[in-house]
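Step one of this worksheet: look at the structure below.
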Amino acid sequence: MELSSLLHHLHLSSSPSSGKPRPSPPLPPITELLSWLQKKLIIAADKPSESSSLIGQVEQVFQAADPDWLFSLASDDQDSRWAELQEAYSSVIGALIGCAALPLCEDDCSSLNTAAYQSVPSQAVAVSSALTALLGHWDGGGGAKGSLTRLLFAVAPPICVFSVTHFQDQAWTSAASRTAARRLNGALLRAGSWTDSAHLLMGDGENRGILGGVLDLLQPQLTKDSWQRCEAVKLVFGWTLLQVTRPFLSPHLPRLLPPSLLLNDHYKPENCMLGVRCLHHIVLNTPAADLRQFNTAEVLYQALFKHLYTSEAAVIQLVLSCLLDLLLVLEKPPISLSPASSRRKSCHHDDVLGLVLTHMEVEHKVVLRRVYASALPLYVERMGVAVCRHLRRVERVVLGYLEVRDPPEETSRLKILEALQGTTRGAWPRMACRVDPLLRCLLRLLVDVSSDSSLDDSVRQQLMAQSSASIQLLDACSHGRVQVLLFDPSGFKIRAFSLVVEPLGLLRTMKPAGLWF
């Protein structure tokens, strides 16, 4: 269908009164068309059937129109006319997106069911198609110069937010709407010759990104009283933040940090986990000096540390990983500190490790035990010789966790063995007096593993290899005491010696007494 016929159908041009054919009437100014379309779309926004038909006609107009007419007022020497065109396009794109807007929750405590989003996917497909048709006129970079570049940067933020909202697998999307949204996102990237979404947001040395514009749109909805009313806002914010890396994140830190802390403080685990991921990304991609400014790092530490008292395994796992990186910003790792004549003062590393060990001693939930056990080797390695301050509790945790099975992969036992090896290397002068109980536990573990038919061969081999390595380390730090005990098995179970020690050849593989590690 020709553009003039489309405009006639839209009642923007009048048909001749007589039946004689006449030349097509001149096209109206593009700003007049866009203004009229905006009003029509706003009126039809609450009527899905009517708005779908109108959006389809808008798509046909964008497809049939000549770029010279669509951007007829965009010239470098006409700033006022350029501003008028930019405002017109921004308004009509906002009206289009409004036709597929998500319904809001009545308050910040309730949530909407799937039925509330019933009409959203079909509307999102239509809007995505119309916007893709419009962006096609920038495809290939033909219009990416001068005023058209400024026009693209003006319309890109709302289009980006809309596409991110609808290409995620959520209650308000369908397979068709996700496909249309991804196609729209690809058209946006081609329009500005951006390589990917991160490049779109951050830009490069020559071209700026649209991160500032996206945050301008999101920030009014990310306040303490409003962010929970729209389910998509937090997801779009999280996606946007996780795309931005250093050095582009630091300038926007004052705008990115408050919403992340809001999510982190929420009582729902899924929101809390998203907030912790955002904070971890900020820690990894912001210079330490910027985080220490205004005591920001300490604020993050307090916000994360309180989550160690929760019982949500997924939250604790993310928090322990984030704290491990944040502690490097707050203070030097204890392992790097030079020896001092005075007693070392307690630090944040001690607080975190101490609380983790306290919880590990009394924890009975398998999932939480695995999370704690997986994190312990990293913290022990970070502490180095300073782990001596926590050695009694580390010993109790090691003995307690090695006694309890964790099928089928035995994650807890394997990680505890790794932590024991790290402790032995870091605090070897203090380990000699703990050889007896640890050796008894390790031999008992070897006996249990060798007789457990339910274990996979690969898991059994890992456990036996790690146990053997731990015994060898204990022998080295005790200057051969383990060899003496094994040569004289009267102090240990004869069955353990005959079934495990001799077949493994521990005595033959042990190196002479001494610190060989």
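What follows draws every value from the coordinates through simple rules; no lab data is involved. These numbers were taken from a predicted model, which means no experiment stands behind them. Counting neighbours? That spans all protein chains shown, and the Cβs are built from the backbone with ideal geometry, glycine included.
Summary of values
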quantity	calculated
Neighbour net charge for His166 - beta-carbon separation under 12 angstrom, K R +1, D E -1	+2
The range 375-433: radius of gyration over Cα atoms, expressed as a fraction of 2.2 N^0.38 Å	1.09
Pairwise label distance in nanometres, Lys47 with Asp68, each label 7 Å out on the Cα-Cβ vector	3.8 nm
Net charge over other residues, Cβ less than 15 angstrom from the Cβ of Lys345 (K, R count +1; D, E count -1)	+1
Cross-link reach list, aspartates and glutamates versus Lys415, counting only Cα pairs under 13 Å and skipping chain neighbours closer than eight places	Glu381, Asp406
Net length gained if the chain between Ala314 and Arg150 were fully extended (0.36 nm per residue, minus Cα distance)	54.7 nm
Theoretical FRET efficiency, 1/(1+(r/R0)^6), r = Cβ-Cβ of Thr245 and Arg396, R0 60 Å, to 0.05	0.90
Inter-part distance where the range 270-301 and the range 442-492 are each reduced to a Cα centre, Å	42 Å
Surrounding net charge for Val385, when Lys and Arg each add one and Asp and Glu each subtract one, Cβ distance under 12 Å	+4
Paramagnetic reach from Gln302 in the range 229-259 [backbone N under 16 Å; point 7 Å along Cα→Cβ]	258
R0 of 25 Å, Cβ-Cβ distance Ser174-Glu270: FRET efficiency to nearest 0.05	0.70
³J(HN,Hα), Karplus 6.51/-1.76/1.60, whole Hz, each residue of the range 461-473, x for Gly, Pro	5, 4, 4, 5, 5, 5, 5, 4, 5, 5, 5, 5, 5
Leu328 paired with Arg208, simple spin-label distance in nm, labels 7 Å along Cα-to-beta-carbon	3.3 nm
Chain lengthening between Leu104 and Asn295 when straightened (0.36 nm per residue, less Cα-Cα)	65.2 nm
Whether the range 251-309 is rounded, prolate or oblate, judged on the alpha carbon gyration tensor where a/c under 1.5 counts as rounded	prolate
Greater than 32 Å apart at Cα, pairs in Lys268/Lys345; Lys234/Lys345; Lys224/Lys332; Lys234/Lys332; Lys268/Lys365; Lys268/Lys332	Lys268/Lys345; Lys234/Lys345; Lys224/Lys332; Lys234/Lys332; Lys268/Lys332
